[in-house]
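So the structure is just underneath, and the comments pick up after that.
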Amino acid sequence: MTKHFNTVVIGGGCLGSACAFSISRQLGRQENKVAIIEKKVLGAGLSSRHSAIVRSANASAMAARMAKIATQQWKTLNNLWGVDIPFEQPGAIWIAGNSQTTATNKWQLLEKAMQKENIALQLISRNEVSDLCNGAIRVDPDEIYFYEPDVLQLDSSEILNAMQNAAKINQVELIEHCEVYDFERDSHGNIISLRTNQGRIGCENVVNAAGGWSSDLFASIDIHLPVALEPVYAANFLVSSQDVPASLPIIADFVNRAYFRRWRGSILHMHQPRSRSGNDIARSFSRAMMNPEGANLIYDASSFSVNHQQLNRYLQKVENRFPKVGKAVYAGGYQSFFDITPDLKFILGKDTKAPNLFHCLGAGQALKYAPVFGEIIAGLVTKGCSQDAQIDISEFSIARFDHQTISEFWRTETDNNHSL
């Protein structure tokens, strides 16, 4: 028997869940209105491995504006999802090299741009850094430091629990272990049903929140989504609270290309940020073309370990930034992925070929934007607009890829460092 819903959301990660909850709320939280289709179980993809850092500073002013809104929404999540979630506010220290005038100017321009968006990001002295970190990190005259006090730290396991509870509260039907094989479209190009391993599912609207699976999923109906996976390694180290205080701000170290955060007792957690090199992005897309498994690579058991070479690199970074730690004690690690686009920007909004298809892809930054993206997509689905006059998502439209080759983005957008 065919099921039918007002809106079907493909992908049960943090973005898909946020879209489903907001759409359901705006439709009156009625049964059989909204469904999440998930090929595994809710949150089984990258959402379960997310560092859950929520920050606002971004080289795109509009992305920063949305991140600031999302930060407040995470604090008051009950208003949107009907559930609360615990959070900490450790703030973040950004570290950048000060030896190149051009790089320094970029960071100073970023500071001014964020101030225009009323986002607290200010240049601080080495002494102030030492005070904030209780002397735990090495400071250097060839580095500059910025402080963003409003950065949140969430717990990914708490988020997964909140998603489970919110699905029930918002009357969202969760269809797990359900793979989409194909789509049926009407004469106007609208998607009217999905063919799955659990039968046909009819719909009036479709939200694509499938992340790294999007490219293969929609290629069959001539909708091309340039999304690839970039591997990211995460590692945990045991440290003494005397060497690295529990109150340590998040350290966004762009000199060593590493994020550090104190976590759960004696843990110092570390992972690298997305690469902004055009060559590295090109390699990710090349690997995607050569990988028959596609995004299913995420579920491969081999991706839950860190190799010896990578671990040594991370140990060096820890010892370089935290001199009191000495030889760090390894406490486990894993590989995750960023689902990236050619210009490292989101794909957000209405599709250009299927009028009732809406994309919500985070380009490696999904979790922190989840509440605001959910509200934006819900507005587009239920009202035809984002419902927030201060938000303009045209910069993130899929239309930007219609008339420009992917390689053009690697030569222009990434050189301009558009996404922190």
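The values are calculated or read from the model by the stated rules, or taken from the named source; none is laboratory data. Remember, predicted model here, so these are calculated numbers, not experimental data. Cβ sites come from the backbone with ideal geometry, for glycine too, and all protein chains shown count toward neighbours. The area values use the complete protein model at the heavy-atom level, side chains included, leaving out ligands, DNA and RNA. Shrake-Rupley method; radii C 1.70, N 1.55, O 1.52, S 1.80 Å.
Couple of notes before you dig in:
- Between Val227, Val232, the distinction of being closer than 23 Å to Leu348 by Cβ and touching a His at 6+ places or on another chain (Cβ under 7 Å) belongs to Val232 only.
- Flag if Ser47 is crowded, with 24+ Cβ neighbours inside 10 Å, touching a Lys or Arg at 6+ places or on another chain (Cβ under 7 Å) and touching a residue at least 12 places away in the same chain (Cβ under 8 Å): no
- Residue among Leu361, Leu357, Leu367 that is open to solvent by less than 30 Å² (accessible area, probe 1.4 Å) and farther than 22 Å from Met163 by Cα: Leu357
- Criterion violated by Ile376 - all others in (1) open to solvent by 10 Å² or more (accessible area, probe 1.4 Å); (2) in a helix (DSSP H, G or I); (3) out of contact with any helix residue (DSSP H, G or I) (no Cβ under 6 Å at 6 or more places or on another chain) satisfied: (1)
- Boolean, Cys14 is in contact with a strand residue (DSSP E or B) (Cβ under 8 Å, 6 or more places away or on another chain), among the hydrophobic types (A, V, I, L, M, F, W, C) and open to solvent by less than 10 Å² (accessible area, probe 1.4 Å): no
- If you filter region 156-189 down to residues that are at positive phi and open to solvent by 50 Å² or more (accessible area, probe 1.4 Å), you find that the one that is nearest to the chain's Cα centre (by Cα) is His177.
- Helices (runs of 4 or more DSSP H) enclosed by region 68-136 - at least 1 residues per element that are open to solvent by 30 Å² or more (accessible area, probe 1.4 Å) and over 30 Å from Pro323 (Cβ atoms): 78-81, 101-116
- Out of Phe358, Phe338, sole residue that is modelled with pLDDT under 90 and either hydrophobic (A, V, I, L, M, F, W, C) or assigned to a helix (DSSP H, G or I) (or both): Phe338
- Just one of the listed residues (Glu117, Glu128, Glu143) is under 24 Å from the mean Cα position of the chain (by Cα) and acidic (Asp, Glu), namely Glu117.
For every residue, the table says whether it meets (1) on the phi < 0 side of the Ramachandran plot; (2) open to solvent by 30 Å² or more (accessible area, probe 1.4 Å); (3) over 18 Å from the mean Cα position of the chain (by Cα); (4) in contact (Cβ under 8 Å) with a residue 60 or more places away in the chain.
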position: Gly202; (1), (2), (3), (4): yes, no, yes, yes
position: Gly212; (1), (2), (3), (4): yes, no, no, yes
position: Asn236; (1), (2), (3), (4): yes, yes, yes, yes
position: Val239; (1), (2), (3), (4): yes, no, yes, yes
position: Leu248; (1), (2), (3), (4): yes, no, yes, yes
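- Here Asn32 fulfils each of the conditions (1) at negative phi; (2) over 15 Å from the mean Cα position of the chain (by Cα); (3) surrounded by fewer than 19 Cβ atoms within 10 Å (Cβ to Cβ) apart from (1).
- Within this structure, Phe409 passes the test of being at pLDDT below 95 and assigned to a helix (DSSP H, G or I).
- Residue match in region 305-319 (condition: open to solvent by 20 Å² or more (accessible area, probe 1.4 Å) and farther than 30 Å from Ala136 by Cα): no
- Residue count, region 340-354 (criterion: touching a Ser or Thr at 6+ places or on another chain (Cβ under 9 Å) and open to solvent by 10 Å² or more (accessible area, probe 1.4 Å)): 3
- Within region 190-199, tally of residues that are within 20 Å of Asn356 (Cβ to Cβ) and open to solvent by less than 70 Å² (accessible area, probe 1.4 Å): 6
- The listed residue being within 22 Å of Phe338 (Cα to Cα) and of a type in the set (Lys, Arg), out of Arg29, Arg55, Arg25: Arg55
- Any chance Leu348 is in a loop (DSSP other than H, G, I, E, B) and touching a residue at least 24 places away in the same chain (Cβ under 8 Å): no
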